[in-house]
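Heads up, the thing below is written out as C-alpha cells.
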Amino acid sequence: MGSPTAPRAVVLAGGVGGARFAAGLIQVLPPEQVTVIVNVGDDFTHFGLHISPDLDTVCYTLAGRENPATGWGRADETWHALETVAELGGPTWFRLGDRDLGLHLERTRRLQAGEPLSAVTRAVCRAWGVRATVLPVTDDPVPTVVDTEEHGRLAFQDYFVRLRSRPRVRGFAFQGVERARPAPGVLEALAAAEAVLVAPSNPWVSIDPLLAVPGVRDALASKTVVAVSPLIGGRAVKGPAAKMFAELGIEPSALAVAQHYAGLIQGLVVDESDAALAPRITATTGQAVFITDAWMPTPERRRALAQATWDFAQALRLARSLD
Ligand code: GDP
Ligand code: CA
C-alpha cells in the first residue's frame, strides 16, 4: 500500500467516453489515486476564446456538472449569449452555453496572462472540488487535422461539429506534435502508475493524438496497459469511430480496436456481444480479453466497467510480475 495520494491508475481519455469511464474509476479508487491524461487535439480558438472540448467534458463530468443528455457541455445551461450572436448574424454552429462560456473566458484570460493550460486546468478542478488529477497531455498546441475526400484537410471542429463528421476521412495529422512536450506531471504519473487504462475513447482522434506526444508512448512500454473497446457490436456508442475505421478500409469491430492498439496494450475489455471475437483478438495480437458489459448508460454501470477493467489490469500486472 502506497500513500493514499500516490497515483495508482492513469486513464488516457478523450471527451465523452473518457469522461464517463473516469467517472466510474473514481468510484472504484480514491480519486486522489487517479490521474486522467486528456487529449487536446480538439482544442481551438473561437470568438478569440481558447476552447478545450475534451478537457472540459472530463472536468465537468468529474465535477458532476455535465449535461447528462449530451455528455458534453454543462447541466442547467442557458444560451443567451449565443442567441445574441445569432441575432447579429454570427456563427452558431459550435454550441457554447452561458455557463460554459464563463470557463472559456476565464481560461483564455489566464492563458493570455502566461499560465500554461495544465495550471489553468488544475485551478479549475480545485475550484470545483475535483479530487482526481486532470492533465492535458501537453501544454503545447497540437491541433488535429482531418484529411477528407470531399474537402481535403479540415480543422478538427470543422469536420466534427460544423460538418457533423459527414465527410469521408482519409487520415489524420496532429500539427506540431513532434515538437510538443508532455505537460508537467504527465510522465511522472505514468511512471508511478500501477496500470494505465485506455478509456473507450475514439482511437483515431482522441487516443492517437495523445500517444503522439513525444515521450508518452515510450512511458507506456514498461507498463501494464489495458484498453476498453469503444466499439460494441461493430458500432460506436456515439460519434464517428466506427465510420472512421470503415472509411480507412478496416472493418469496425473490437478486433479492429485490438489491432489498432497492438504492441501498446496487453489486455482489451470488450462487450459481451463481442465475446465471439476474443479468440481472434488473442491469436492475432496476443492480448488477453476480458468480456463484460461495456456500455455505461448509468453511474452504476460506469463503476462496474471501471471496476472490471481495474481488476483485469491488476491480474495482468500480477501475471507479468510472475513471468
Ligand atoms: P469525444 O472526444 O467526446 O468524442 O469522446 P471520446 O473520444 O472520449 O469518446 C468517444 C467514444 O466513446 C466513441 O467511440 C464511443 O463509442 C465511446 N463510448 C461512449 N459511450 C460509451 C460506453 O458507454 N461504452 C463504451 N464501450 N464506449 C463508449
Ligand atoms: Ca474529443
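List of remarks:
- For a modelled paramagnetic label at residue 162, 7 Å from Cα along Cα-to-Cβ, the residues of the range 16-54 in reach, with backbone nitrogen under 19 Å, are 41-54.
- The range 99-235 - percent relative contact order, Cα under 8 Å, separation 6 or more: 20
- For the range 44-145, relative contact order (Cα pairs under 8 Å, six or more residues apart, normalised by length) works out to 26 percent.
- With the convex hull of its Cα atoms as the shape, the range 103-231 has an orientation-averaged projected area of 9.4 nm².
- Under the simplified labelling scheme, the residue 94-residue 27 pair shows an inter-label distance of 3.2 nm, with each label point 7 Å from Cα along Cα→Cβ.
- Just so you know, the averaged projected area of the alpha carbon convex hull for the range 276-323 sits at 3.9 nm².
- Each 10 Å bin, from zero up to the one with the longest distance, holds this percent of the alpha carbon pairs of the range 145-202: 20, 31, 29, 19, 1.
- Based on C-alpha pairs under 8 angstrom that are at least 6 apart in sequence, the chain has a relative contact order of 19 percent.
- The range 225-285-the range 85-152 distance, computed between alpha-carbon centres (Å): 30
- Where the Cα pairs of the range 1-155 fall when distances are cut into 5 Å bins, in %: 2, 9, 17, 21, 19, 15, 10, 5, 2, 1, 0, 0
- Taking only protein heavy atoms and a 1.4 Å probe, the accessible area of the chain is 53% carbon and sulfur.
- Dipole of the range 80-184 [Lys/Arg +1, Asp/Glu -1 at C-beta], most positive-end residue of 89, 137, 163: 137
- Packing-based order for 121-131, 188-198, 44-54, using average beta carbon neighbours within 10 Å, highest first: 188-198, 44-54, 121-131
- Here the chain carries DSSP beta bridges of which approximately 40% are antiparallel, counting only pairs with both residues inside.
- Each 20 Å bin from zero up to the one holding the largest Cα-Cα distance in the chain carries the following percent of pairs: 33, 60, 7, 0.
- Taking the inverse of the mean 1/r over every pair of distinct Cα atoms in the range 181-323 gives a Kirkwood hydrodynamic radius of 15.5 Å.
- Shape call, the range 82-174: gyration tensor on alpha carbons, a/c limit 1.5: oblate
- In this structure, the amide hydrogen of residue 269, modeled 1.01 Å from its nitrogen in the peptide plane, lies closer than 5 angstrom to those of 227, 228, 229, 290, counting only residues at least 5 positions away or on a different chain.
- Per residue, the chain exposes 43 Å² of accessible surface when a 1.4 Å probe is rolled over the protein heavy atoms with every protein chain present.
- Where labels lie 7 Å past Cα in the beta-carbon direction, separation of residue 112 and residue 295 in nm: 4.6
The values are calculated or read from the model by the stated rules, or taken from the named source; none is laboratory data. Worth saying up front: this structure is predicted, and the values here are computed from it rather than measured. Counting neighbours? That spans all protein chains shown, and the Cβs are built from the backbone with ideal geometry, glycine included. These area figures cover heavy atoms from the full protein model, side chains too; ligands, DNA and RNA do not enter into them. Shrake-Rupley method; radii C 1.70, N 1.55, O 1.52, S 1.80 Å.
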